[in-house]
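The values are calculated or read from the model by the stated rules, or taken from the named source; none is laboratory data. Only a predicted model underlies this, so the values are computations on that prediction, with no experimental measurement involved. Heads up, the Cβs are rebuilt from the backbone with ideal geometry, glycines too, and the neighbour counts pull from every protein chain shown. What goes into the accessible areas is simple: the full protein's heavy atoms, side chains included, and nothing from ligands, DNA or RNA. Shrake-Rupley method; radii C 1.70, N 1.55, O 1.52, S 1.80 Å.
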Amino acid sequence: MAEPEDVRTATSAHALRAIHATRARSAQERAAATCRHAGIGPDAAETVPKSPVGRAAHALLLSAASLDALAGRSPDPAADARCARNAAAAAALAAQVAHATASPDGATEATEALRTALAASQAAAIAAGGTAGGRNTALNTAADEAETQAGRAAREAGWTG
């Protein structure tokens with residue numbers, strides 16, 4: 001049985017913009033802090049990435065540009081959700097590099113931070129994709145919760161402040 005429209009989706013594009021933008025900013029900040037922790041600077045970005053470091057730096061720049069574009073356009077739940085997805089994907093790439101360079105003393109925390117970063121990226125992709133188009137309340141809530149967990153795990157790993 002299908003859920004009623006008001007349970008499945010939020011109706012205000014402006015309310016959805018706020019939800020997606022908050023999640024996108026959180027993921028972007030986590031990605032930037034994780035890159036700094038892993039020693040990845042903007043100069044490491046490669047247009048055609050050939051290394052995990054180049055991929056992470058390039059993804060960080062692209063997601064920052066996507067987030068900046070939010071301010072210049074009308075709310076569009078699908079596009080706004082894709083922006084949050086891109087930021088979460090950049091954070092997952094940064095987490096992979098940080099995990100690979102983690103010291104044995106912090107291996108457990110680094111593994112958890114990587115796991116939750118990947119989960120946040122997947123949840124953001126599901127919320128943005130398919131018929132959800134950034135409007136499904138349950139998927140947005142799951143993506144928000146996954147982002148919160150990823151942020152907490154990144155702090156516990158010492159990747160973010």
For residues that are in a helix (DSSP H, G or I) and open to solvent by 80 Å² or more (accessible area, probe 1.4 Å), tally how many sit in segment 48-77. 4
Contact list, first residue from segment 65-90 and closer than 14 Å to HIS14 by Cα, second anywhere and at pLDDT below 90 and in a helix (DSSP H, G or I), beta-carbon distance below 8 Å, six or more apart or interchain, is ASP80/LEU70
Being basic (Lys, Arg) and part of a helix (DSSP H, G or I) is the filter here, so list the residues in segment 107-161 that pass it. ARG115, ARG152, ARG155
Would you check if there is a residue in segment 100-110 being over 26 Å from ALA45 (Cα atoms), of a type outside the set (Val, Ile, Thr) and in contact with a Lys or Arg (Cβ under 8 Å, 6 or more places away or on another chain)? no
Please state which of the following conditions ASP80 fails to meet, knowing it meets all the rest: (1) of a type in the set (Asp, Glu); (2) open to solvent by less than 50 Å² (accessible area, probe 1.4 Å); (3) farther than 16 Å from ALA125 by Cα. (3)
It is to be established whether one or more residues within segment 108-117 are among the acidic types (Asp, Glu) and open to solvent by 40 Å² or more (accessible area, probe 1.4 Å). yes
Restricting attention to segment 37-47, and to residues there that are in a helix (DSSP H, G or I) and under 11 Å from LEU60 (Cα atoms), which single residue is least open to solvent (accessible area, probe 1.4 Å)? ALA44
Which one is modelled with the lowest pLDDT among residues in segment 107-161 that are closer than 12 Å to SER26 by Cα and either more than 12 Å from the chain's Cα centre (by Cα) or charged (D, E, K, R) (or both)? THR160
Can you find, within segment 20-36, the residue that is surrounded by the most Cβ atoms within 10 Å (Cβ to Cβ) among those that are within 19 Å of GLY72 (Cβ to Cβ) and among the aliphatic types (A, V, I, L, M)? ALA24
Among the residues of segment 118-148, the number that are open to solvent by less than 50 Å² (accessible area, probe 1.4 Å), closer than 18 Å to HIS14 by Cα and without any contact (Cβ under 8 Å) to a residue 60 or more places away in the chain is 4
